[in-house]
Protein chains: 2
Amino acid sequence: MVAISPLPHRAVVEHLVRQSVYQRLGKPLPRPAAAPNPLVVNVSARHCHLTQESVEVLFGKGHQLTVHKWLYQEGQFAAKETLTLIGPRSRVISNLRILGPCRSLNQVELAYTDGIALGFELPLRSSGNIKGTLGCMLMGPAGFFEMTEGVIRALRHVHMSPEDTAFYGVKGGDEMALKIGGPCALTLDKLLVRVDKSFKLEVHIDTDEGNACNLQADTPCELI
Amino acid sequence: MVAISPLPHRAVVEHLVRQSVYQRLGKPLPRPAAAPNPLVVNVSARHCHLTQESVEVLFGKGHQLTVHKWLYQEGQFAAKETLTLIGPRSRVISNLRILGPCRSLNQVELAYTDGIALGFELPLRSSGNIKGTLGCMLMGPAGFFEMTEGVIRALRHVHMSPEDTAFYGVKGGDEMALKIGGPCALTLDKLLVRVDKSFKLEVHIDTDEGNACNLQADTPCELI
């Protein structure tokens, strides 16, 4: 599998340019520019995570997920493979994107708008915390199976490295806020801090949150 | 037409109970309870406003809109009548609710999610300010016509009486913020203040904004 490295994210380029301009002018860096890493905010459209076993049930024995698009977090990708979800009231979501690589559990992450379309209220959970949630049927070209639990709305969260938590003075499990500018500005509270030394600084919000503020590539964002 | 008065809004009952409890305890009212009017926050689902002339084109000569449900603002109602919208890329939204009474212009108010479904970017406008916006086809059981402009995302706004603006220290055209609590709390900035002596204190947000914070009847809200 040959991985074509994507262009750097706009926020990364802006961060480098901002740092360089302030340095050339000999001026002190304002707080956002002084951060060790650029702040990237991405909207997660509905998607699912699957185990390798589930991938094989849906797409055939020995099937491996193939890369459609690399994501900002190292090694994570949107797969070419999509599937069909059948909810508990027999309503359907088609072309549900699978994110790779495979994980140790099956989980479907939807926005509330999707929950309304499916006809039930999604529980708000942090990723992986799926005990007691509703499940659904998943259908692929080679087969289908019942996922007994794991359909959630994912808590808005920020991925941070220890370098980032030190700069912002927070720790894993804390809550921050994300101030989003533009014509329909808003501030998202209760942004869960998730820490791993492999993480690149990135906020994940869902499509409802992204549409509420019409988040665009050039919308100013600040972590507070 | 017999208008059945709806039950009082939950926020109205809460406001009265809160004021009464503080008074009985002989304690000073906290700021939200001291407000002259209760704060009602409602989610506006996609809808349209029509002229009487348009209603007659769509539903037949002499047709009058009929009340499906009274809204919180005096005299405003969701009509039983709905229509079909055909967007500029021939995509369709069915069962678009009409709000009555008729107005002096035709206007369709959608959420960004609807704009994505229709395949074009909605301009963010205050109600009535539709110059230069895209239009659509509207189709009813008795006819159809082309609306040449007026498909917008309505700016989030708050209806206020002069009594309310005096309490909050704002004037028409100002921007306030709405803090919404609960598990997916957020603060909506750029909330346009609209004033009329007939207005009851009410914030209107759209379905994207309502779904972003999962606004429920008991979600705490504060105007700041």
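The values are calculated or read from the model by the stated rules, or taken from the named source; none is laboratory data. Fair warning: this is a prediction, and the values are worked out from it, not measured in the lab. Here the Cβ positions follow ideal geometry from the backbone for every residue, glycine too, while neighbour counts run over all protein chains shown. To get the accessible areas, we keep the full protein, side chains included, count just its heavy atoms, and leave off ligands, DNA and RNA. Shrake-Rupley method; radii C 1.70, N 1.55, O 1.52, S 1.80 Å.
Observations, loosely collected:
- A:Phe167 accessible area, assembled protein chains, probe 1.4 Å, Å²: 50
- Interface residues of the range B:195-220, defined as those losing at least 40 Å² of solvent-accessible heavy-atom surface relative to the isolated chain (probe radius 1.4 Å), are listed as B:Asn211, B:Ala212, B:Asn214.
- In Å, descending, principal axis extents of the Cα set of the protein assembly as shown: 68, 54, 50
- Cβ-Cβ distance of A:Leu124 and A:Asn95, R₀ of 22 Å, FRET efficiency by 1/(1 + (r/R0)^6): the value works out to about 0.35.
- For B:Asp206, the solvent-accessible surface computed with a 1.4 Å probe is close to 20 Å², ligands and nucleic acids excluded.
- Accessible area per residue (1.4 Å probe, heavy atoms of protein chains only) ranks A:Lys27, B:Lys179 as A:Lys27, B:Lys179, with the largest value leading.
- Flagged links, alpha-carbon separation over 28 Å, of A:Lys69/B:Lys179; A:Lys69/A:Lys131; B:Lys131/B:Lys190: A:Lys69/B:Lys179; A:Lys69/A:Lys131
- Loop-resident sites, the range A:8-78, for trypsin sites (Lys or Arg not before Pro), counting at most 12 other Cβ within 10 Å (DSSP): A:Lys61
- Cα gyration tensor category, rounded, prolate or oblate, for the range A:91-201 with a/c compared to 1.5: prolate
- Put a plus charge on the Cβ of each Lys and Arg, a minus charge on the Cβ of each Asp and Glu, and nothing anywhere else: the dipole of the range B:114-224 about its Cα centre is then about 240 debye.
- Residue by residue along B:185-193, Cβ atoms of other protein chains within 10 Å of the local Cβ number 6 on average.
- Put B:Glu121, A:Glu56 in order of accessible area, highest first, and with a 1.4 Å probe you get B:Glu121, A:Glu56.
- For B:Lys80, the aspartates and glutamates whose Cα falls under 20 Å of its own Cα, not counting residues fewer than eight places away in the same chain, are B:Glu53, B:Glu56, B:Glu109.
- Accessible surface of A:Leu65 - all protein chains present, 1.4 Å probe, nearest 10 Å²: 20
- Euclidean distance of C-alpha centroids, the range B:175-192 and the range A:177-224, integer Å: 15
- Label distances, nm, A:Lys131 versus same residue in remaining copies, Cβ-directed 7 Å point: 6.1
- Centroid-to-centroid separation of the range A:51-123 and the range B:100-157 [C-alpha atoms, Å]: 34
- Rg to Rh quotient for the range A:38-94, alpha carbon positions, Kirkwood Rh: 1.03
- Sequence of A:Glu146, A:Glu14 from largest to smallest accessible area, 1.4 Å probe: A:Glu146, A:Glu14
- DSSP assigns beta bridges within chain B; of those with both partners inside it, close to 65 percent run antiparallel.
- Computed over protein heavy atoms with a 1.4 Å probe, the accessible surface of the range A:103-224 works out to 41 Å² per residue.
- When only the Cβ of Lys, Arg, Asp and Glu is charged (+1, +1, -1, -1), the dipole of the range A:131-177 relative to its Cα centre reaches about 120 debye.
- Among B:Leu215, B:Tyr168, B:Gly182 the positive-end extreme of the charge dipole of the range B:166-224 (Cβ point charges): B:Tyr168
- Paired Rg and Dmax values of the range A:1-151, which use every Cα atom, in angstrom: 19.6, 63
- Taken about its Cα centre, the range B:1-132 carries a charge dipole of about 400 debye when Lys and Arg each add +1 at the Cβ and Asp and Glu each add -1 at the Cβ.
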